[in-house]
Amino acid sequence: MLSGDTTLSIHTLYSDHHRWLQGWLRRRLGNTFDAADLAHDTFLRVMVSGRTPESEQSRAHLTQIAKGLVVDLHRRRQLEAAYLDALAQFPSALVPSAEERALVFEDLLQVDAVLHALPVKVREVFLLSQLDGLTYSEIAQRMGISFGAVRKYMLRAAQSLQLLAEK
């Protein structure tokens, strides 16, 4: 639960900067509705963290959070477009229901988040193996790393995805 001082600080932060942040996001996104959603999400993240920036750092702090949310939004939309493109290739009799599509898409978002949390080389090794079908030897040669490094990176990716599966 937030203390009275924290609640007051968040209220002040919101009152002083919400309009500015929403305008900044609207200019970046070109969409009033997305800007309003992300401005809301930015302040929600501040509330959840329980930490408010010093007044002279307020806009920089809010901008940093909002930039991350903009990246997440774009990544989510790219993933959704790719998923819908893949579904368009299915014969109509095999297309999943709207509910099934929503569940699968939520799973895809979680996998995407796990993969993006991995170091770049680990993610690249995993994707070369799983999407391109390369062998560990081929990956090692292509990336200029050892066979053992490929095995280690694959294990790390698999462990991260296993943790997701256990949730």
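Arrange the residues His116, His11 by how much accessible surface each exposes, largest first, with a 1.4 angstrom probe. Mind dumping the intermediate values first?
On the way: His116 85, His11 110 Å².
Correct descending sequence by accessible area is His11, His116.
Over the residues of segment 1-76, compute the C-alpha Rg and express it relative to 2.2 N^0.38 Å. Kindly include the intermediate steps, with their values, before the conclusion.
Values: Rg = 12.2 Å, N = 76, 2.2 N^0.38 = 11.4 Å.
For segment 1-76, the normalised Cα radius of gyration is 1.07.
Provide Met154, Met47 ordered by accessible surface of protein heavy atoms (probe 1.4 Å), highest first.
On the way: Met154 20, Met47 85 Å².
Most to least solvent-accessible, the answer reads Met47, Met154.
Relative to the longest principal axis of the C-alpha atoms of the chain, give the angle of the C-alpha long axis of helix 4-29, reported between 0 and 90° and rounded to the nearest 10°.
60 degrees
Quick one: compute the contact order of the chain, relative version, from alpha carbon pairs under 8 angstrom and 6+ residues apart, as a percent.
On the way: 90 pairs, mean separation 25.4, N = 167.
Dividing the mean separation by the residue count of the chain yields 15 percent.
Can you tell me the Rg and the Dmax, both Å, for the Cα atoms in the chain?
Reported Rg and Dmax, both Å: 20.9, 59.
Compute the helix-to-body angle for 32-49: its Cα long axis versus the longest principal axis of the chain, expressed 0 to 90° and rounded to tens.
Taking the Cα atoms of the chain, the angle to 32-49 is about 90 degrees.
Can you bin every Cα-Cα distance in segment 73-157 into 5 Å intervals starting at zero and give me the percent of pairs per bin, rounded to whole numbers?
Taking all Cα pairs of segment 73-157, the binned fractions are 3, 13, 19, 18, 14, 14, 11, 6, 2, 0 percent.
Helix-derived [θ] at 222 nm for the chain: sum -39500 (n - 2.57) over DSSP H runs of at least 4, divide by residue count, nearest 500? Kindly include the intermediate steps, with their values, before the conclusion.
Numbers: 7 runs with 134 residues, N = 167.
Counting only the DSSP helices, I get -27500 deg cm²/dmol.
The values are calculated or read from the model by the stated rules, or taken from the named source; none is laboratory data. Fair warning: this is a prediction, and the values are worked out from it, not measured in the lab. Calculation scope for accessible area: heavy atoms of the full protein, side chains included, ligands and nucleic acids excluded. Shrake-Rupley method; radii C 1.70, N 1.55, O 1.52, S 1.80 Å.
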